[in-house]
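The values are calculated or read from the model by the stated rules, or taken from the named source; none is laboratory data. Keep in mind that what you see is a predicted model, and the values were worked out from it rather than measured. Note that we place each Cβ from the backbone using ideal geometry, even for glycine, and neighbour counts take in every protein chain shown.
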Amino acid sequence: MKKYFLIVLCVIALFLIAGCTAGANNVVNVLDVTREPVGFWYGLWHGSISPITLVISLFSDNIGMYEVYNNGGWYDFGFLLGAGGVFGGGIKIVL
């Protein structure tokens, strides 16, 4: 019973994380003045969930790994920090 609960919990967590991924590229050649570009914190979040987003984006055209409507350097910096932390770019702690 514990095993099934853990599986259901993992699936729910996967769906919650997938709901926060970067959107599709629907702003190509369109200037949307009502929407503010995403910045550092969204970049950090999108970089942190990039392994999950990569797998989902292979099967769905509506999910992208990278938010194209961003403010430039700060989003990129956050994305790299987030992805680097997930993929072992942080410091090694020895206990």
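If a residue has to be in contact with a strand residue (DSSP E or B) (Cβ under 6 Å, 6 or more places away or on another chain) and surrounded by fewer than 18 Cβ atoms within 10 Å (Cβ to Cβ) to count, how many in segment 37-63 make the cut? Total satisfying the criteria: 1. Screening Gly85 with (1) modelled with pLDDT of 80 or more; (2) outside any loop (DSSP other than H, G, I, E, B) gives one miss only, at (1).
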